[in-house]
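Asker: Please see the structure below; I have some questions.
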Amino acid sequence: PRVCVVGSGPAGFYTAQHILKHHSGARVDIYEKLPVPFGLVRFGVAPDHPEVKNVINAFTQTARLERCAYYGNVTVGRDVMVAELRQAYHAVVLSYGAEDNRVLGIPGENLSGVYSARAFVGWYNGLPENRDLKPDLSCETALILGHGNVALDIARILLSPLHLLRKTDITDGSLATLACSKVKRVWLVGRRGPLQVAFTIKELREMINLPGARPVLNPADFTGLENAIKDAPRPRKRLTELMIKTALEKPGEKMMEMQAVVAQAAVPREWGLKFQRSPQEVLPTTDGRRARGVRMALTRLEGSGDSAKAVPTGDVEELECGLVLSSIGYRSLPLDPAVPFNTQRGIIPNSSGRVEGVPGLYCSGWVKRGPTGVIITTMNDSFDTAQSVLEDLQAGVLDVSASREGFGAVESILRSRGVRPVSFSDWEKIDAAEVARGKAAGKPREKIVDPQEMLQLIGH
């Protein structure tokens, strides 16, 4: 059987890995629109979290297998259509993730100084489409809308001491911009309360322990929560306890340490969590061009736990800030009119990864279940889809007696359209160049951010 996977992030690679491992005859081709593989492992994971990127080693082993091939620089839905892939392969798995962000849908969202978390993360991680973002960091206060791990990542990058960032694979350009940053206060704002935050304890602890930055949590936000979490699941309980402890902490050692920092720098950096506030409008400066603050509706919670809804109380509050980052989630887009798509939920309608009404078409990862969860969640989800493919091969739902040409057929289509795919060994040349450039600067790598430069490097 010939299987094709669209997208080379964790969902794509885990799907391929599982099929190759459990079917000794299957061949899997992975298509990727960028020249470089690994999706959000390369472009989403924070530069100061190198250990999370170790999965790249396993993906590389998969890509080097004889029965696996990687074709980068190929945009499915433009360079080759899904219908054409379905004719060339016995099974097609769509694992192309979520390449857009949810919008706030409020006035002032398009003012200068307002950025989506997706674009900001893409900028410091070297995602080609965001390389020219040029965020303006000349203000003292930044406001991040959202209480997830991505929001904490951004806060950490904005407040991290430069010497820590210099040792990471953060891009050269973003490091230079951060070196001139005036941001010294970051507020993370959420519509709901402390019991509904979406970040995890590891990320929160890392933020609390960030050198030279102090947490500002309002004890009033946490009154009575000890009782509320008595029967909560353990991860939620521990997370809330850490927030309570931080909010109520007496100025002890951390304060002494901060005073030492204050002695060196006039103003320490700080960050805090604000709850039960929903953005209503980004307020413009007098010339109407830039953001100068955000007006927020105060909310009250209806219901409890994860299903609690935030309802406006009628009161509003304004918060001054020159930088607004909206971290309210990523969003998948339809790839090709031939593929069913639920615009409401931003997913391909499916059951266990089988696309509804289109036999032989599958999906895995964020485009299958929505943009939530960490790499391990995506791994399990991809194994689930791969299992569906294997079952359908076993049960004869996929007719393997009809031979399919696989990449042979796609190659002639691409050639006729003037598209030259990038192989995995091409990527390894790009990889080696990045690592060499990084070494010169004392970093794990210096990412190349311009796809043209990547293609020149491999002689395309």
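The values are calculated or read from the model by the stated rules, or taken from the named source; none is laboratory data. Just so it is clear, the structure is predicted and the values come from calculations on it, not from any experiment. For neighbour counting, all protein chains shown are included, and Cβ atoms are generated from backbone atoms with ideal geometry for every residue, glycine included. Side chains included, ligands, DNA and RNA excluded: accessible areas come from the protein's heavy atoms. Shrake-Rupley method; radii C 1.70, N 1.55, O 1.52, S 1.80 Å.
Asker: When you scan the stretch 42-61, do you find a residue that is of a type in the set (Phe, Trp, Tyr), touching a Pro at 6+ places or on another chain (Cβ under 8 Å) and without any contact (Cβ under 8 Å) to a residue 60 or more places away in the chain, even just one?
Answerer: yes
Asker: Can you tell me which residues in the stretch 194-230 are touching a helix residue (DSSP H, G or I) at 6+ places or on another chain (Cβ under 8 Å), under 17 Å from Ile157 (Cα atoms) and of a type in the set (D, E, K, R)?
Answerer: Glu203, Arg205, Glu206, Arg214
Asker: Say whether the condition of being free of Cβ contacts under 8 Å to residues at least 60 places away in the same chain and either at positive phi or touching a Pro at 6+ places or on another chain (Cβ under 6 Å) (or both) is met by at least one residue in the stretch 389-396.
Answerer: yes
Asker: Among the polar types (S, T, N, Q) and open to solvent by less than 20 Å² (accessible area, probe 1.4 Å), is that true of Ser332?
Answerer: Considered against the rule, which asks whether it is among the polar types (S, T, N, Q) and open to solvent by less than 20 Å² (accessible area, probe 1.4 Å), Ser332 comes out as yes.
Asker: Now a separate question. Can you go through Ala310, Ala291 and tell me which one is more than 24 Å from the chain's Cα centre (by Cα) and over 17 Å from Leu137 (Cα atoms)?
Answerer: Ala310
Asker: Please pick out the residue among Pro334, Pro349, Pro340 that is more than 30 Å from Cys139 (Cα to Cα) and in contact with a Phe, Trp or Tyr (Cβ under 6 Å, 6 or more places away or on another chain). I'd like the intermediate steps shown before the answer.
Answerer: Details: Pro349 fails: in contact with a Phe, Trp or Tyr (Cβ under 6 Å, 6 or more places away or on another chain); Pro340 fails: in contact with a Phe, Trp or Tyr (Cβ under 6 Å, 6 or more places away or on another chain).
Residue meeting the stated conditions: Pro334.
Asker: Is it the case that Ala432 is over 22 Å from the mean Cα position of the chain (by Cα), at pLDDT 95 or above and within 29 Å of Arg166 (Cβ to Cβ)?
Answerer: Values: over 22 Å from the mean Cα position of the chain (by Cα): yes; at pLDDT 95 or above: yes; within 29 Å of Arg166 (Cβ to Cβ): yes.
Yes.
Asker: Name the pairs whose Cβ atoms lie under 6 Å apart, with the first residue in the stretch 203-228 and on the phi > 0 side of the Ramachandran plot, the second surrounded by fewer than 14 Cβ atoms within 10 Å (Cβ to Cβ), and 6 or more positions between them or separate chains?
Answerer: The qualifying pairs are Gly212/Pro161.
Asker: Being of a type in the set (Gly, Ala, Ser), touching a Lys or Arg at 6+ places or on another chain (Cβ under 7 Å) and either open to solvent by less than 20 Å² (accessible area, probe 1.4 Å) or assigned to a helix (DSSP H, G or I) (or both) narrows it down to one of Gly126, Gly122, so name that one.
Answerer: That would be Gly126, the only listed residue that is of a type in the set (Gly, Ala, Ser), touching a Lys or Arg at 6+ places or on another chain (Cβ under 7 Å) and either open to solvent by less than 20 Å² (accessible area, probe 1.4 Å) or assigned to a helix (DSSP H, G or I) (or both).
Asker: Consider the stretch 435-457. How many of its residues are open to solvent by 60 Å² or more (accessible area, probe 1.4 Å), closer than 15 Å to Ser174 by Cα and modelled with pLDDT of 95 or more?
Answerer: Qualifying residue count, the stretch 435-457: 0.
Table: residues versus (1) farther than 30 Å from Arg300 by Cβ; (2) in contact (Cβ under 8 Å) with a residue 12 or more places away in the chain; (3) part of a loop (DSSP other than H, G, I, E, B).
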position: His147; (1), (2), (3): no, yes, yes
position: Ala151; (1), (2), (3): no, yes, no
position: Ala155; (1), (2), (3): no, yes, no
position: Leu164; (1), (2), (3): yes, yes, no
position: Lys167; (1), (2), (3): yes, yes, yes
position: Gly173; (1), (2), (3): yes, yes, no
position: Leu178; (1), (2), (3): yes, yes, no
position: Ser181; (1), (2), (3): yes, yes, yes
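Asker: I'd like the full set of residues that are over 17 Å from Phe13 (Cβ atoms) and touching a Phe, Trp or Tyr at 6+ places or on another chain (Cβ under 9 Å), limited to the stretch 353-369.
Answerer: Arg354, Val355, Gly360
Asker: For residues in the stretch 339-357 being open to solvent by 40 Å² or more (accessible area, probe 1.4 Å) and within 14 Å of Gly97 (Cα to Cα), which is modelled with the lowest pLDDT?
Answerer: Arg345
Asker: Listed residues Leu85, Leu162, Leu152, Leu145; which is assigned by the TED database to the domain that holds Pro279 and either over 19 Å from the mean Cα position of the chain (by Cα) or closer than 30 Å to Pro340 by Cβ (or both)?
Answerer: Of the residues listed, the single one that is assigned by the TED database to the domain that holds Pro279 and either over 19 Å from the mean Cα position of the chain (by Cα) or closer than 30 Å to Pro340 by Cβ (or both) is Leu162.
Asker: Every residue in the stretch 358-374 that is buried (at least 19 other Cβ atoms within 10 Å of the Cβ) and at pLDDT below 95, please.
Answerer: Within the stretch 358-374, Pro371 is the sole residue that qualifies.
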